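> First, the structure itself, so that you have it in front of you.
The values are calculated or read from the model by the stated rules, or taken from the named source; none is laboratory data. These numbers come from a predicted model, not from an experiment. Every residue, glycine as well, gets a Cβ built from its backbone with ideal geometry; the counts of neighbours run over all protein chains shown.
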Amino acid sequence: LVLLWNHLEALDSDDLGLQESDDWLTLRLARNQQDYIDRRGVHVVVGHYLGDSVDGGLHSNLSDEIINSNLYDPKPNEGRNGVPVNLPSHLHAKAQQLYQINRFNLLVSDRIPVNRTLPDVRKPKCKTKVFNEEFLPKSSIVIVFHNEAWSALLRTVHSVISRSPRSMLKEILLVDDASTREFLKSSLDEYVAKLSVPTRVIRSPGRVGLIKARLLGARQAEGEILVFLDAHCECTLGWLENLVARVAEDRTRVVCPVIDIISDVTFAYVRSFELHWGAFNWELHFRWYTYGSSDAIIKRKDFTEPFKTPAMAGGLFAIDRAYFFHIGAYDEEMQVWGGENLEMSFRVWQCGGSIEIAPCSHVAHLFRKASPYSFPGGVSEVLYGNLARVALVWMDEWAEFYFKFNPEAEKQRDKQAVRSRLELRKQLKCHSFKWYLTHVWPHHFLPMDDKFFGRIRHVQTHKCVEKPLAKGSMNQASGPASLLPCTHLPVLTQMFVMKLPTDLIATDESVCLDVPEYENDISPRVRILACSGFNRQRWTYDKENQELRHVDSKLCLDLSSKHNYLVLNACNGYTSQRWELESVSWK
Ligand code: UD2
Ligand code: MN
């Protein structure tokens with residue numbers, strides 16, 4: 001059971017030959033393991049999509065010779081203009097074998113020329129914006145990597161060179177975080193020396209992790225602006241101007257591009273939604289959220305204007321170099337991977353800066369389902385150690401909330417020495433986390449002193465309202481709300497937040513109790529859907545009668561007598577309509 005869960009978190013269900021079905025999983029868990037606390041336990045141990053990375057590498061059944069040789073073999077026009085590459089069937093087995101090395105289709109990557117063309121994916125209005133490139137500050141592009149594929153790394157570099165105004169590039173710094181693949185050690189310096197933009201390889205003394213590797217690059221950079229990229233990105237026209245111009249206007253802005261997608265299988269360039277913004281969930285995993293039609297930004301109608309985001313994904317952004325160091329660069333005690341993006345997001349916002357996304361800047365990134373490299377020290381120790389640091393330094397009383405519900409982080413808590421980061425926070429006179437939540441992310445779903453936080457318990461059956469499982473670890477949950485046995489210890493899937501007496505009833509990842517069919521159905525079913533801010537998601541709790549009343553329809557939350565469904569019915573005062581809001585302390 002544990003193994004299955006582990007894999008489902010980390011892989012597509014296809015990889016396991018299973019039917020993708022939430023019910024299947026629910027069934028298994030319900031039958032074999034009534035104790036829902038374990039569900040959370042397993043979830044946390046595994047981590048989100050690092051699930052099956054293994055210390056010591058994943059490709060042990062491949063020969064060193066294959067891993068160390070550069071198989072880059074460009075075929076003219078393959079992948080041109082970002083079109084997908086579909087391999088002939090006789091190459092499928094080989095592709096599958098090589099996939100393990102980088103956790104993407106290396107064979108396809110190696111067939112696409114490093115200087116391939118890409119579509120201009122910007123909105124038409126973006127193309128009319130003019131920049132005075134000569135007068136914009138110059139950038140140092142910092143790309144850190146550990147055992148990256150030659151073709152992916154150099155396609156990143158060439159995409160920078162071909163699609164940035166030459167006058168805006170000071171240099172490109174490639175920081176090799178102790179790669180072991182032979183061709184990266186032997187041929188890279190020579191290759192990049194011939195490029196038309198000054199490009200250098202900086203080598204870390206040993207494996208230092210991406211955070212310290214970026215610092216190595218930043219410290220040697222000479223450009224006024226630092227632009228960070230992952231080592232498997234492709235930049236499109238206008239990407240740099242639209243980032244740098246915003247930073248030049250206000251040096252406390254940290255500006256991110258829209259992150260498009262390079263398919264890990266076909267290397268197709270897939271344009272992504274421009275109005276995604278970033279934040280996190282109750283486990284401090286970064287999450288994308290979308291604007292709803294009631295949000296001001298949708299109403300303002302100019303979709304090409306940059307907009308603020310509470311957090312950044314972490315890999316791709318531009319920042320003024322002096323400001324980067326002024327605001328505390330990175331937390332050098334963070335290991336290998338993870339957490340630095342939230343740390344920087346909180347720090348920049350709380351200490352007077354801002355983070356934004358420029359919709360006219362599009363850079364594609366190759367998203368992987370699992371990490372291809374080792375995590376020295378252990379995946380859980382590394383990731384939760386980093387996240388514990390984020391919480392301890394920046395989150396004030398919400399750190400307690402995080403540790404209380406994330407035992408893996410709690411385990412790492414006492415090992416963290418954070419004094420110098422707390423001093424930095426003091427010295428920069430930074431705002432509290434409460435300020436951040438109130439001003440930067442007013443629609444957040446974290447517990448607050450003036451809100452109810454806890455379980456919604458059905459008086460008649462003593463069961464608790466629970467949100468459905470998400471389909472895949474990167475998606476928001478959605479589906480019918482269910483009533484399940486309340487767990488012995490409170491679990492996040494049974495926790496809700498509501499400002500009493502009338503408000504949305506929200507839970508983690510910005511999903512809310514909703515009744516989309518209330519105008520058409522008799523006894524409409526209660527669902528959990530993305531919080532939209534629509535009236536349809538508003539409820540009133542009548543403490544005296546223990547009723548949860550749906551504001552729009554004036555109907556009451558009820559347990560259907562036929563099925564174990566949550567529905568709305570005319571309020572009748574029966575015990576099936578009585579709900580206890582059971583507060584759970586979160587500090
Ligand atoms: C995301 C970010 C990534 C980073 C990470 C959290 C995007 C698109 N990517 O994960 O930049 O913020 O979240 O930490 O926003 N690397 C090293 N040494 C290591 C490990 C990684 O140099 O020990 C390099 C790696 O080769 C890559 C970069 O760091 O170029 C980011 O790593 P990733 O691509 O595995 O991270 P990703 O995209 O899953
Ligand atoms: Mn990446």
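> Checking Ala329 against (1) within 16 Å of ligand 2 (Cβ to nearest atom); (2) surrounded by fewer than 22 Cβ atoms within 10 Å (Cβ to Cβ); (3) under 25 Å from Val157 (Cβ atoms): exactly one of these is not met. Which one?
(1)
> Going through the range 374-385 one residue at a time, which ones are of a type outside the set (Gly, Ala, Ser) and more than 11 Å from ligand 1 (Cβ to nearest atom)?
Let us first name the residues in the range 374-385 that are of a type outside the set (Gly, Ala, Ser), namely 375-376, 379, 381-384.
Across the range 374-385, the qualifying residues are Val379, Glu381, Tyr384.
> Hey, another quick one. Restrict the check to the range 288-304 and report whether at least one residue is away from ligand 1 (no atom under 14 Å from the Cβ), among the aromatic types (Phe, Trp, Tyr) and at pLDDT 95 or above.
no
> I've got another one for you. For residues that are among the hydroxyl-bearing types (Ser, Thr, Tyr), in contact with a helix residue (DSSP H, G or I) (Cβ under 6 Å, 6 or more places away or on another chain) and either assigned to a helix (DSSP H, G or I) or surrounded by fewer than 18 Cβ atoms within 10 Å (Cβ to Cβ) (or both), tally how many sit in the range 68-125. Show your work before the answer.
Our first condition is that a residue be among the hydroxyl-bearing types (Ser, Thr, Tyr); within the range 68-125, this holds for 69, 72, 89, 99, 109, 117.
Okay, now just the ones that are also in contact with a helix residue (DSSP H, G or I) (Cβ under 6 Å, 6 or more places away or on another chain), so 72, 109, 117.
From the residues that got through so far, the ones that are either assigned to a helix (DSSP H, G or I) or surrounded by fewer than 18 Cβ atoms within 10 Å (Cβ to Cβ) (or both) too are 109, 117.
The total comes to 2.
> Just to be sure I understand, how many residues within the range 228-244 are closer than 24 Å to Ser151 by Cβ and either charged (D, E, K, R) or within 15 Å of ligand 2 (Cβ to nearest atom) (or both)?
8
> Under 6 Å between Cβ atoms, which residue pairs at least 6 apart in sequence (or on different chains) link something in the range 302-325 that is more than 21 Å from Pro442 (Cα to Cα) and touching a residue at least 24 places away in the same chain (Cβ under 8 Å) with a partner that is away from ligand 2 (no atom under 16 Å from the Cβ) and in a helix (DSSP H, G or I)?
Thr304/Lys125; Thr304/Cys126; Ala318/Leu243; Ala318/Val244; Ala318/Val247; Asp320/Val247
> Among the candidates Ser345, Ser371, single out the residue that is within 12 Å of ligand 1 (Cβ to nearest atom), within 24 Å of His431 (Cβ to Cβ) and buried (at least 21 other Cβ atoms within 10 Å of the Cβ). Before you say what the answer is, go through the steps one by one.
On the way: Ser371 fails: within 24 Å of His431 (Cβ to Cβ).
It is Ser345.
> Would you confirm whether or not the range 209-216 contains a residue that is within 16 Å of ligand 2 (Cβ to nearest atom), β-branched (Val, Ile, Thr) and either closer than 30 Å to Asp508 by Cβ or in a strand (DSSP E or B) (or both)?
Yes: one or more hits.
> Hey, any hits in the range 45-63 for a residue that's crowded, with 18+ Cβ neighbours inside 10 Å, modelled with pLDDT under 55 and not in a loop (DSSP other than H, G, I, E, B)?
Yes: one or more hits.
> Filter the range 140-173 down to residues that are buried (at least 24 other Cβ atoms within 10 Å of the Cβ) and among the acidic types (Asp, Glu), then give me how many there are.
1
> Quick test for you: out of Phe228, Phe267, Phe273, pick the one residue that is under 19 Å from the mean Cα position of the chain (by Cα), more than 14 Å from ligand 1 (Cβ to nearest atom), hydrophobic (A, V, I, L, M, F, W, C) and outside any helix (DSSP H, G or I). Write out each step before concluding.
Numbers: Phe228 fails: more than 14 Å from ligand 1 (Cβ to nearest atom); Phe267 fails: under 19 Å from the mean Cα position of the chain (by Cα).
None of the other options fit; the residue is Phe273.
> Among the hydrophobic types (A, V, I, L, M, F, W, C), outside any strand (DSSP E or B) and more than 9 Å from ligand 1 (Cβ to nearest atom): does that describe Ala388?
Taking the combined requirement at face value, the residue satisfies it.
> Is there a residue in the range 339-350 that is within 16 Å of ligand 2 (Cβ to nearest atom) and closer than 22 Å to Phe104 by Cβ?
Checked the range 339-350: at least one residue is within 16 Å of ligand 2 (Cβ to nearest atom) and closer than 22 Å to Phe104 by Cβ.
> Which pairs turn up if I take residues in the range 169-181 that are assigned to a loop (DSSP other than H, G, I, E, B) and look for partners that are at pLDDT below 95 and more than 16 Å from ligand 2 (Cβ to nearest atom) with beta carbon separation below 6 Å, at least 6 apart in sequence or on another chain?
If the second residue must be at pLDDT below 95 and more than 16 Å from ligand 2 (Cβ to nearest atom), the pairs left are Arg181/Asn68.
> What number of residues within the range 121-150 are closer than 30 Å to Ile211 by Cβ, polar (S, T, N, Q) and more than 15 Å from ligand 2 (Cβ to nearest atom)?
Residues that pass the stated criteria total 2.
> Could you tell me which of the residues Ser576, Ser553 is assigned to a helix (DSSP H, G or I) and among the polar types (S, T, N, Q)?
None of the others qualify; the one that does is Ser576.
> Next question, about the same structure. Give me a count of the residues in the range 485-532 that are in contact with a helix residue (DSSP H, G or I) (Cβ under 9 Å, 6 or more places away or on another chain), assigned to a strand (DSSP E or B) and at pLDDT below 95.
Total satisfying the criteria: 1.
> For the list (1) in a strand (DSSP E or B); (2) of a type in the set (Ser, Thr, Tyr); (3) surrounded by fewer than 19 Cβ atoms within 10 Å (Cβ to Cβ), I need the number of the one condition that Tyr541 fails.
Tallying (1) in a strand (DSSP E or B); (2) of a type in the set (Ser, Thr, Tyr); (3) surrounded by fewer than 19 Cβ atoms within 10 Å (Cβ to Cβ), Tyr541 fails exactly one: (3).
> Given the criteria part of a loop (DSSP other than H, G, I, E, B), touching a helix residue (DSSP H, G or I) at 6+ places or on another chain (Cβ under 7 Å) and farther than 22 Å from Gln427 by Cα, does Gly315 qualify?
When the stated conditions are applied, Gly315 does not pass them.
One line per residue, one yes/no per condition, for (1) within 16 Å of ligand 2 (Cβ to nearest atom); (2) within 28 Å of Gly82 (Cβ to Cβ); (3) modelled with pLDDT under 95; (4) in a loop (DSSP other than H, G, I, E, B):
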{"site": "Ala358", "(1), (2), (3), (4)": "no, yes, no, no"}
{"site": "Val363", "(1), (2), (3), (4)": "yes, yes, no, no"}
{"site": "Pro376", "(1), (2), (3), (4)": "no, no, yes, yes"}
{"site": "Trp398", "(1), (2), (3), (4)": "no, no, no, no"}
{"site": "Lys404", "(1), (2), (3), (4)": "no, no, no, no"}
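> Only one residue in Val336, Val258 is in a loop (DSSP other than H, G, I, E, B), surrounded by 22 or more Cβ atoms within 10 Å (Cβ to Cβ) and within 16 Å of ligand 2 (Cβ to nearest atom). Which one?
Just a single option satisfies the conditions, and that option is Val336.
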